Structure formats: structure tokens, C-alpha cells
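Trainee: Structure in C-alpha cells, see below.
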Amino acid sequence: QVQVVESGGGLVQAGGSLRLSCAASGILVRIYDMGWYRQAPGKQREFVAVITSGGSTNYADSVKGRFTISRDNGKKTVYLQMNDLKFDDTAVYFCNIVRRETNYWGQGIQVTVSS
């Protein structure tokens, strides 16, 4: 059974940092692309960052230069280091693991940035 579990969210002041983790089990993580999405209240879920199975990364323009995605295939985990957090980064963050038609989501974790 595949499980995808996020951790590391919470409340932080603007300008602060958080690191999200997403641990997967039940799949061969190294062949999947791993990424993060977020959904703010009243808004659609949006792309944040992705790291491919080959290690290439891509970011939403809104987080470039502030967020860094990385992965540890041995630990089956993807990370999102978030620095210089802004009020607009407040959202539920979802981990996404995908390969071709196969798509797994975590349950989401709250990140709240106070202004």
C-alpha cells in the first residue's frame, strides 16, 4: 500500500523559514518525479516546485529564489526548504509523486505565515 505523508508545517512569522518533508512508502521512489503544490483558502491548488527522477528542478515564479526542493531517494523523502516566507505563502501544502499516469498525493499540511 502506498503512503505519502507530509510533515514540518506550522506557524511562522513573515521572513522566517520552514522545511517541509514528504515521506513515501510502498513505491520505488527513485523513478518518480516528486513535487509540491499548495492551496490557499478560496483558491485553486497551484504548482510550487518539482524535482524530477533525474534531479532537475523547476519552481513557480512566486517562490523562485526563496524555496528549494531536494530529495533523498534512500530515505524516500522529498523536502521543501522555504525561506523568506511571505503572508501569501499561507496555504495547505501537498506532496505529489508522479510517473506517467500514476499520481500520488499526500493529505496536505498547513503552513501559516503571520504578517
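The values are calculated or read from the model by the stated rules, or taken from the named source; none is laboratory data. If you're wondering where the values come from, they're calculated on a predicted model, not measured in any experiment. Reconstructed Cβ throughout: ideal geometry from the backbone, glycine too, with neighbour counts over all protein chains shown. Side chains are part of the model used for accessible areas, which takes the heavy atoms of the whole protein and leaves out ligands, DNA and RNA. Shrake-Rupley method; radii C 1.70, N 1.55, O 1.52, S 1.80 Å.
Trainee: With θ set to phi - 60°, apply the Karplus curve 6.51 cos²θ - 1.76 cosθ + 1.60 along the range 81-97 and write out the HN-Hα couplings as whole Hz, x wherever there is a Gly or Pro.
Mentor: After applying 6.51 cos²θ - 1.76 cosθ + 1.60, I find 8, 10, 10, 6, 5, 10, 4, 5, 7, 4, 4, 8, 9, 10, 8, 10, 10 Hz.
Trainee: Would any residue of the range 9-46 have its amide N under 12 Å from a label point 7 Å out along Cα→Cβ of Q110? List them or say none.
Mentor: Once the point is set 7 Å along Cα→Cβ of Q110, 9-12, 41 turn out to lie under 12 Å by backbone N, inside the range 9-46.
Trainee: How do 55-68, 25-38 rank on mean C-beta neighbours within 10 Å, highest first?
Mentor: 25-38, 55-68
Trainee: Stick to Cα atoms and the Kirkwood definition of Rh, then tell me Rg/Rh for the range 1-41.
Mentor: Across the range 1-41, the Cα-based Rg/Rh ratio is 1.05.
Trainee: Can I ask one more? For the chain, what does the relative contact order come out to in percent, with C-alpha contacts under 8 Å and a separation of six or more?
Mentor: Relative contact order for the chain comes out at 35 percent.
Trainee: How many Å² of accessible area per residue for the range 28-115, probe 1.4 Å?
Mentor: Heavy-atom SASA per residue in the range 28-115 reads 54 Å².
Trainee: Still on this structure, please answer the following. Would you report the distance distribution of C-alpha pairs in the chain as whole percents per 5 angstrom bin, up to the bin with the largest distance?
Mentor: Histogramming the chain at 5 Å steps yields 2, 13, 25, 26, 18, 10, 5, 1, 0 percent.
Trainee: What's the FRET efficiency of T52 with Q3 using the Cβ-Cβ distance as r and R₀ = 25 Å, to the nearest 0.05?
Mentor: That gives a FRET efficiency of 0.70.
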